[in-house]
Amino acid sequence: MAMAVVTRLSSKGQVVIPAEIRRRLGMSAGDRLTIEVQNGSGAVTLRPLAAHDLQDSIRKAEAWFASEAVDPVEQLHAMRREARTRERARRRS
């Protein structure tokens, strides 16, 4: 059976999902949702993000980090060292 309720959009773009619907779907604070907009009709669909979808996203991120030849933190440190070296050279001239 379909359920329809009226809610409001806050000035920050937030929407409250009524407690009855959250209970019915087994949702709680901190759960991740996907939002889909249907072209043409403008209908909006919210779906809880399945745990396997989140795990897949984490695996993709880990693979990306593993594929990079340089550690991003070390790369940032190297960039900062180069900037300090350039600044010192500029001051000497």
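Across the stretch 17-32, the qualifying residues are those that are surrounded by 12 or more Cβ atoms within 10 Å (Cβ to Cβ) and out of contact with any helix residue (DSSP H, G or I) (no Cβ under 9 Å at 6 or more places or on another chain), and the one among them that is nearest to residue 3 (Cα to Cα) is 21.
What number of residues in the stretch 1-22 are β-branched (Val, Ile, Thr) and not in a loop (DSSP other than H, G, I, E, B)? Residues in the stretch 1-22 being β-branched (Val, Ile, Thr) and not in a loop (DSSP other than H, G, I, E, B): 2 in total. Out of all the residues in the stretch 38-65, which are exposed (fewer than 10 other Cβ atoms within 10 Å of the Cβ) and within 22 Å of residue 5 (Cβ to Cβ)? Result: 38, 41, 42, 43. Residue by residue through the stretch 66-78, note down the ones that are surrounded by 10 or more Cβ atoms within 10 Å (Cβ to Cβ) and assigned to a helix (DSSP H, G or I). Of everything in the stretch 66-78, those that are surrounded by 10 or more Cβ atoms within 10 Å (Cβ to Cβ) and assigned to a helix (DSSP H, G or I) turn out to be 75, 76, 77, 78. All conditions in (1) within 24 Å of the chain's Cα centre (by Cα); (2) surrounded by 10 or more Cβ atoms within 10 Å (Cβ to Cβ); (3) among the basic types (Lys, Arg); (4) modelled with pLDDT of 85 or more hold for residue 8, with the sole exception of (2). Can you spot a residue in the stretch 23-46 that is more than 16 Å from the chain's Cα centre (by Cα) and of a type in the set (Asp, Glu)? Among the residues of the stretch 23-46, not one is more than 16 Å from the chain's Cα centre (by Cα) and of a type in the set (Asp, Glu), which makes the answer no.
Residue pairs whose Cβ atoms lie under 8 Å apart, sitting 6 or more positions apart in sequence or on different chains, and linking a residue in the stretch 47-62 that is free of Cβ contacts under 8 Å to residues at least 40 places away in the same chain and more than 14 Å from residue 35 (Cα to Cα) to a partner that is surrounded by 11 or more Cβ atoms within 10 Å (Cβ to Cβ) and of a type in the set (D, E, K, R), are 54/32.
The values are calculated or read from the model by the stated rules, or taken from the named source; none is laboratory data. For clarity, every value in this text was computed on a predicted model and none was experimentally measured. Cβ: placed from backbone, ideal geometry, glycine included. Neighbour counts: every protein chain shown.
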